[in-house]
Amino acid sequence: MIAELGHFALILALGVAVVQMIVPLIGAHYDWRGWMELAVPAATIQFLLILASFLALTYAFVTSDFSVRLVTLNSHSAKPMLYKVSGVWGNHEGSVLLWVLILSLFGATAAWFGGNLPQRLKARVLAVQSSIAVAFLGFVLFTSNPFLRIEQPPFDGRDLNPLLQDPGLALHPPFLYLGYVGLSMAFSFAVAALIEGRVDAAWARWVRPWTLAAWVFLTIGIAVGSWWAYYELGWGGFWFWDPVENASFMPWLFAAALLHSAIVVEKRESLKSWTILLAILAFGFSLIGTFIVRSGVLTSVHAFASDPKRGVFILMILAVFTGGALTLFAARASTMEARGVFGFVSRESALIVNNILLAVSSFVVFVGTIWPLIGEILDRKISVGAPFFEAAFTPFMVALALILPVGAMLPWKRAKLGRVTKQLVPAFVLALAVGALVWAMQTGKTALGPIGMFLGTWLIAGSLVDIASRTGRGAVSTRLSRLTRLPRSDWGKLAAHAGFGITVMGISGLMAWSVEDIRVAEIGKSFPVSDYEITLVDVTQEQGPNYLSTKAEMLVTENGREITTLYPEKRVYPVQAIPTTEAAISNGFWRDIYLVIGDPQEGGAWAVRTFIKPFTNWIWMGTMMMALGGVLSLTDRRFRVAAGATKSRIPGVPAE
């Protein structure tokens, strides 16, 4: 009965979404206030109905209702409760329902907290947002119904994929979807602005918080997924350039470009057309990611489904929304006149370079991702792996890291480059010294480490110089007092840019100085790896809640001093008969010791893989700092009050 109610709630939500898509648009066109006001309660009702449907599916998983086909295929009565809940979105149908729930949540949030928006713009934004909901609700109901029943329910289910039975994977999809779907709000604002034929500073101020929130969620989602891959898959890497990893990375790059471009629109009334185009592309690439994950056109360990019918449906959604928005953009681009004039050397120019580097790097990742598919169409087997992406993508990030500290300090409109670079000389000298020190310590090895440390130090030190320059001149106490009064967006920029620097240092250090050792180890005997001695003390068999475990005890010493004892595991989940690797990791600020137990060998020995991973945790520390920077910027008071203060200046739109 609960499942049927959930299904019925989805059908009602589709009806409400259709009304919300049509009525407010007509009301905005004819300036019918009552019709426009319908968008707010419709958005609320739509969200509540989809939430009820999602809770009904969650109830089926928690109670192990194996009469529901989806529960049978993705759950088991012996599974821990955390993974029963995460199993709701650990499959195609449930994940699409979560996608639609988050989509309706963003629409409802805009309805609840969009009081400062002009009524016509608000009505159009909510109508466009609901049109996306109509498409995906139709996708769920007609191709991916999560509430299908089984006529003769089995005694127990087939269990969730063991790789997904992990806390990291319980958190990764919700955050990733909050980022993916959050970009729909930027898209809705862009299309609404195109319909009105008006983009100005107030519009940029309204769209930035939504884009920033989506970027923050996407940053956290990507970081959590990378962290999961690092400790769960047992191969010691944090990024594989897998098609689905790339599918989340491309909209992240476009969202970062959109954030910086919207600043130019807000401050200088320039780059209007480019900003609208970035908003369309950012969400368009989110839809491309959805297509890659669910169509089966590209092989990936992350793929949810390989049903061509579903792939065609998503491809149609992609074509209608992205193609339709780009067509509208082509028709309206001439109306978005840029007012601000700026010199070749200015912050505007630096942000344009920033946008170009981010957008082109995203297209490079896109080309590398789809190239194998193009090869298959041409009847050629092509494999594009990490070497291509690292060689093609890295130069853009190096250029971005070099330019970022300078661009962040340039004044608007026109600037003197010499004045800014003079302030940054200490930061450059410090970065050069760190790079030279690292080079001296590792002479004869790859240059990746020193270059990465130089760039990371340059970014961090440049960000600190930037924040210090905003305090002006005077006594130290006076400048410290001014620091406390700086807007939170300035502190957010410092955290985000410094976090980027820390991430650069972590990635370059890990790739340059990682040590890997693969051998057959005998119980009771030690072997050296880098500066450490590893001893395989024992291997035992243990019973988990829903798995069988082969657990090793391994002692790690350095110069005769005990560092830690680690317990890597190899698990087998009997229901699906799938083995998983549970790496044991000794986390440290400067390095990780990473141990993996393999298969038994002749004579009672075991295959053992050991990694020494320098600076690994700097990667996630840096990404979390970037996300923190976004959160700090979101709390800036100007995001809450400036839009309302400027809305009356928009011609032709009545103030509320």
_Checking the structure you have, find out if any residue of the range 470-487 is assigned to a loop (DSSP other than H, G, I, E, B), of a type in the set (D, E, K, R) and within 30 Å of V365 (Cβ to Cβ)._
no
*Mind telling me which of the residues L51, L10, L38, L57 ends up being crowded, with 16+ Cβ neighbours inside 10 Å and closer than 15 Å to Q129 by Cβ?*
L38
_Restricting to the range 172-208, name every residue that is surrounded by fewer than 20 Cβ atoms within 10 Å (Cβ to Cβ) and at pLDDT 85 or above._
P174, I195, E196
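Please go through the range 454-483 and give me each residue that is among the hydroxyl-bearing types (S, T, Y) and either within 31 Å of the chain's Cα centre (by Cα) or surrounded by 13 or more Cβ atoms within 10 Å (Cβ to Cβ) (or both), ordered by number.
T457, S463, S469, T471
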*asked:* Just checking, does the range 35-49 include any residue being over 17 Å from G114 (Cβ atoms) and touching a His at 6+ places or on another chain (Cβ under 8 Å)?
replied: no
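Kindly indicate whether G629 is at pLDDT 90 or above and either within 30 Å of T484 (Cβ to Cβ) or in contact with a Phe, Trp or Tyr (Cβ under 7 Å, 6 or more places away or on another chain) (or both).
Numbers: at pLDDT 90 or above: yes; either within 30 Å of T484 (Cβ to Cβ) or in contact with a Phe, Trp or Tyr (Cβ under 7 Å, 6 or more places away or on another chain) (or both): yes.
Answer is yes for this residue.
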*Quick one: in the range 20-35, of everything that is among the aliphatic types (A, V, I, L, M) and under 32 Å from the mean Cα position of the chain (by Cα), which residue is surrounded by the fewest Cβ atoms within 10 Å (Cβ to Cβ)?*
I22
_For the range 70-80, check the following and say yes or no: at least one residue is within 30 Å of R198 (Cβ to Cβ) and basic (K, R)._
no
*Working only within the range 406-419, note down all residues that are assigned to a helix (DSSP H, G or I) and over 27 Å from the mean Cα position of the chain (by Cα).*
M409, L417, G418, R419
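For every residue, the table says whether it meets (1) among the small types (G, A, S); (2) in a helix (DSSP H, G or I); (3) over 20 Å from L97 (Cα atoms).
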{"residue": "L176", "(1), (2), (3)": "no, yes, no"}
{"residue": "G182", "(1), (2), (3)": "yes, yes, no"}
{"residue": "A190", "(1), (2), (3)": "yes, yes, yes"}
{"residue": "W203", "(1), (2), (3)": "no, yes, yes"}
{"residue": "T211", "(1), (2), (3)": "no, yes, yes"}
{"residue": "I222", "(1), (2), (3)": "no, yes, yes"}
{"residue": "W227", "(1), (2), (3)": "no, yes, yes"}
{"residue": "G236", "(1), (2), (3)": "yes, no, yes"}
{"residue": "W239", "(1), (2), (3)": "no, no, yes"}
*Give me the pairs: first residue in the range 477-489 and at positive phi, second residue part of a helix (DSSP H, G or I), beta-carbon distance under 6 Å, and six or more apart or on different chains, which are they?*
none
*Considering (1) without any contact (Cβ under 8 Å) to a residue 12 or more places away in the chain; (2) in a loop (DSSP other than H, G, I, E, B), say which one T109 fails and leave the rest.*
(2)
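Let's see how each residue does on (1) under 14 Å from H7 (Cα atoms); (2) modelled with pLDDT under 90:
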{"position": "S67", "(1), (2)": "no, no"}
{"position": "M81", "(1), (2)": "no, yes"}
{"position": "S104", "(1), (2)": "no, no"}
{"position": "A108", "(1), (2)": "no, no"}
{"position": "L126", "(1), (2)": "no, no"}
{"position": "I132", "(1), (2)": "no, no"}
{"position": "F136", "(1), (2)": "no, no"}
{"position": "L141", "(1), (2)": "yes, no"}
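The values are calculated or read from the model by the stated rules, or taken from the named source; none is laboratory data. None of the values given here were measured: they were computed from a predicted structure. FYI the Cβ positions are ideal-geometry reconstructions off the backbone, even for glycines, and counts take in every protein chain you see.
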